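Novice: Structure below; questions to follow.
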Amino acid sequence: MKILEITGGQTLSGTIRISGAKNSAVALIPAAILSDEDVTICNVPAITDTEALCDILVYLGVKIKRASESIVITSNQMENKKITATYSKKLRASYYFMGALLGKFGKVTMSLPGGCSIGARPINLHLKGFEALGATVTINKNCYTIEAEELKGANIYLDFPSVGATINIMLAAVRAKGKTVIDNAAKEPEIVNVATLLNSMGAKIRGAGTSSIEITGVSYLGKCFHEVIPDRIEAGTYVILGAACGENLKIDNIIPDHIEALTSKLEEMGVYLDIGADYIIVSHTAPYHPIHVKTQTYPGFPTDLQQPLTVLLTQCSGQSKIEETIYENRFMHIPYLNQMGADIRIKNQSATIIGPSKLQAADVVATDLRAGAALVIAGLIAEGKTKVTNVEHILRGYENIVEKLTSVGAKVEIREI
Ligand code: UD1
């Protein structure tokens with residue numbers, strides 16, 4: 001088991017370079033198998049989620065070549081084997097192999113996906129989409145078999161603009177016969193990134209980034225070179241950290257537009273941000289005003305930044321409020337923040353944060369990826385040495401977190417116990 005030890009109270013200065021987006025990379029890697037030629041993806045973050053997907057590729061007989069931040073995926077001799085729980089459980093995004101294998105072979109068998117326990121997280125919308133394309137879905141002992149003699153384009157309306165369902169349906173539809181329209185589609189930048197990869201491979205997708213995506217099926221997908229966009233959630237996490245304890249902390253290699261929902265809220269709090277074309281410089285400029293935040297689908301405030309932001313809200317003078325509308329179980333970091341000296345009250349899907357609070361170090365548990373990120377920020381501003389266990393969750397999504405934090409002056413160590 002890994003443990004993160006954080007000695008709080010340092011002022012962080014320097015530059016943190018943001019890595020490729022986890023939520024793009026985890027879809028781009030399965031998407032690449034739709035091609036029978038070499039697909040090169042660069043700026044792939046070295047995190048355990050991308051490693052787990054590469055393990056699945058190798059298991060399926062896909063050839064991969066990794067060199068620093070790029071990966072070349074060659075799938076012309078792959079085998080369509082059942083993806084067992086050993087592989088699928090390691091991460092949520094293993095479910096993108098459903099759409100990709102269905103699109104390529106007309107059949108996929110895989111066990112339930114894993115991922116953070118932040119809510120029920122059903123995949124009914126993915127399955128409904130596959131069925132609309134003509135597939136049948138059979139579930140036997142937590143194992144899904146999805147197959148179709150021929151996938152045919154269809155009009156699909158998503159009851160909720162799910163990121164996963166939108167991407168999975170795109171993956172299945174790119175090689176289907178005829179035209180598919182996904183309405184009420186998710187609009188996240190990661191969806192545009194995946195559609196761009198597929199189009200570079202020869203797919204015909206229009207409208208990605210809007211709520212209506214049109215996919216005209218093609219019979220063949222070829223080689224391409226593609227870049228993962230910067231991780232807006234990693235960027236947002238470090239911008240929040242800078243507002244908590246930075247002094248001219250530069251968050252570099254980002255697309256500031258992708259985190260506008262966060263930056264406008266920070267500015268409302270009184271955080272001064274120097275926003276450039278591909279960077280943000282941020283300092284601790286308290287006192288901060290309390291704010292109200294409601295998580296929403298893109299371009300609304302991202303649920304993934306709600307947990308890190310909660311920590312900063314403990315430093316505002318007055319009563320802030322966070323309403324979580326996407327997941328039912330995304331306040332698991334709060335008991336730990338309260339243990340560290342915060343005053344946060346949860347009622348239904350809302351958290352009321354009463355600040356400012358002086359945080360004290362404690363032994364805490366990263367219950368999920370973003371809860372872990374929140375506790376790291378809390379540890380960095382707390383007095384004393386905080387120990388975070390279940391660090392594996394954090395390493396699923398934050399590339400070189402210890403090195404990045406240390407390089408800007410944080411005292412952080414990772415130890416195996
Ligand atoms: C993705 C992100 C995750 C982020 C989330 C919301 C990846 C790998 N993960 O997760 O970091 O927190 O978007 O921005 O990209 N839902 C259903 N049925 C479905 C699918 C979803 O009811 O078939 C519900 C979910 O339970 C949840 C909501 O829709 O309440 C949003 O889920 P979705 O957008 O699908 O999130 P993920 O793709 O799992």
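The values are calculated or read from the model by the stated rules, or taken from the named source; none is laboratory data. Computed from a predicted model, the values in this text were never measured in an experiment. When we count neighbours, we look across all protein chains shown, and the Cβ atoms used for this are built from the backbone with ideal geometry, even at glycine. Heads up: the accessible areas ignore ligands, DNA and RNA and are worked out on the full protein's heavy atoms, side chains in. Shrake-Rupley method; radii C 1.70, N 1.55, O 1.52, S 1.80 Å.
Novice: Over the C-alpha atoms of segment 22-227, what are the Rg and the largest Cα-to-Cα span, Dmax, in Å?
Specialist: Taking only Cα atoms of segment 22-227, I get Rg and Dmax of 15.1, 41 Å.
Novice: Let me ask you something else. Going toward the positive end of the dipole of segment 213-304, with +1 on Lys and Arg Cβ and -1 on Asp and Glu Cβ, which of I259, V282, H292 do you reach last?
Specialist: It is H292, whose Cα lies furthest towards the positive end.
Novice: So if I take the centroid of the Cα atoms in segment 347-417 and the same for segment 180-238, what is the distance between those two points in Å?
Specialist: 32 Å
Novice: Scattering from the C-alpha atoms of segment 54-120 alone, worked out with Debye: what is log10 I(q)/I(0) at q = 0.12, 0.15, 0.25, 0.29 1/Å?
Specialist: Evaluating at q = 0.12, 0.15, 0.25, 0.29 Å⁻¹ gives log10 I(q)/I(0) of -0.33, -0.51, -1.14, -1.31.
Novice: Could you tell me what percent of the DSSP beta bridges with both partners in segment 22-227 are antiparallel, to the nearest 5? Before the final figure, lay out the partial values.
Specialist: Numbers: 26 of 36 bridges.
Around 70 percent antiparallel, to the nearest 5.
Novice: Given points 7 Å out from each Cα along the Cα-Cβ axis, report the E247 to F160 separation in nanometres with one decimal.
Specialist: Output for this residue pair reads 4.5 nm.
Novice: Could the peptides 185-192, 119-126, 144-151 be put in order, highest first, of the mean number of other beta-carbon atoms found within 10 Å of their residues?
Specialist: 185-192, 144-151, 119-126
Novice: Plugging the Kirkwood radius over Cα pairs into Stokes-Einstein for segment 130-193, at a temperature of 4 °C and a viscosity of 1.567 mPa s, what D comes out in µm²/s?
Specialist: It diffuses with D of about 104 µm²/s by this estimate.
Novice: Now for a different question. Please list the equivalent ellipsoid semi-axes of the chain, computed as the square roots of five times the alpha-carbon gyration tensor eigenvalues, in descending order and whole angstrom.
Specialist: Numbers: eigenvalues 284, 89, 81 Å².
Largest first, the chain gives 38, 21, 20 Å.
Novice: Also: If you take every residue apart from S283 with its C-beta less than 10 Å away from the C-beta of S283, what net charge results, scoring Lys and Arg +1 and Asp and Glu -1?
Specialist: Net charge in that neighbourhood comes out at -2.
Novice: Using Cα centres only, tell me the gap between segment 9-58 and segment 254-320 in whole Å.
Specialist: Cα centres, segment 9-58 to segment 254-320: 25 Å.
Novice: According to a simple spin-label model (label point 7 Å from Cα along Cα-to-Cβ), what is the distance in nm between A46 and Q10?
Specialist: Rounded to a tenth, the inter-label distance reads 2.0 nm.
Novice: I've got another one for you. Output the peptides 167-173, 262-268 sorted from most to least packed, where packing is the average of other Cβ atoms within 10 Å over each peptide's residues.
Specialist: Descending packing order for the listed peptides: 167-173, 262-268.
Novice: Report the extension gain between A277 and H289 in nm, rounded to one decimal, defined as 0.36 nm multiplied by the number of residues separating them, less their alpha carbon distance.
Specialist: 1.6 nm
Novice: In debye to the nearest 20, how big a dipole does segment 22-227 give about its Cα centre with +1 on each Lys and Arg Cβ and -1 on each Asp and Glu Cβ?
Specialist: 260 debye
Novice: Can you list the HN-Hα couplings for segment 385-395, worked out from phi with the Karplus curve (6.51, -1.76, 1.60; θ = phi - 60°), rounded to whole Hz and with x for Gly and Pro?
Specialist: 9, 8, 10, 10, 9, 6, 4, 3, 4, 5, 6
Novice: How fast does segment 163-302 diffuse by Stokes-Einstein, in µm²/s, taking the Kirkwood radius from C-alpha pairs at 25 °C and 0.890 mPa s?
Specialist: 146 µm²/s
Novice: Two-decimal Rg/Rh of segment 210-254 from alpha-carbon positions, Kirkwood Rh?
Specialist: Result: Rg/Rh = 1.27.
Novice: While we're on this one: Once Rh for segment 306-384 is found with the Kirkwood sum over Cα pairs, what is the Stokes-Einstein diffusion coefficient at 20 °C and 1.002 mPa s, in µm²/s?
Specialist: Details: Rh = 12.2 Å.
Rounded, D is 176 µm²/s.
Novice: For segment 25-137, what value does the Rg/Rh ratio take when both radii are computed over Cα atoms and Rh is the Kirkwood radius, given to two decimals?
Specialist: Details: Rg = 13.8 Å, Rh = 14.4 Å.
With Rh from the inverse mean 1/r over Cα pairs, Rg/Rh is 0.96.
Novice: When the dipole is taken about the Cα centre of the chain, and only Lys, Arg (+1) and Asp, Glu (-1) are charged at their Cβ, what size is it in debye, to the nearest 20?
Specialist: Dipole of the chain, to the nearest 20 debye: 840 debye.
Novice: Rounded to the nearest 500 deg cm²/dmol, what is the calculated helix-only ellipticity per residue at 222 nm for the chain, with -39500 (n - 2.57) per DSSP H run of length n ≥ 4?
Specialist: -9500 deg cm²/dmol
Novice: What fraction of the DSSP beta bridges in the chain is antiparallel, stated in percent and rounded to the nearest 5?
Specialist: 70 percent
Novice: Among Q307, Q315, Q77, which one shows the highest mean-square fluctuation when the chain is modelled as a Gaussian network with alpha-carbon springs under 10 Å?
Specialist: Q77
Novice: In segment 80-209, what percent of the accessible surface is made up of carbon and sulfur (1.4 Å probe, ligands and nucleic acids excluded)? Show your work: numbers first, answer last.
Specialist: Working: 2410 of 5080 Å².
Carbon-and-sulfur percentage of accessible area, whole number: 48.
Novice: Read phi for every residue in segment 296-302 and hand back ³J(HN,Hα) as whole Hz from Karplus 6.51 cos²θ - 1.76 cosθ + 1.60, θ = phi - 60°, with x for Gly and Pro.
Specialist: Going residue by residue, I get 8, 6, 4, x, x, 5, x Hz, with x marking Gly and Pro.
Novice: So what is the accessible area of the chain per residue, in Å², with the probe set to 1.4 Å?
Specialist: Heavy-atom accessible area per residue stands at 38 Å².
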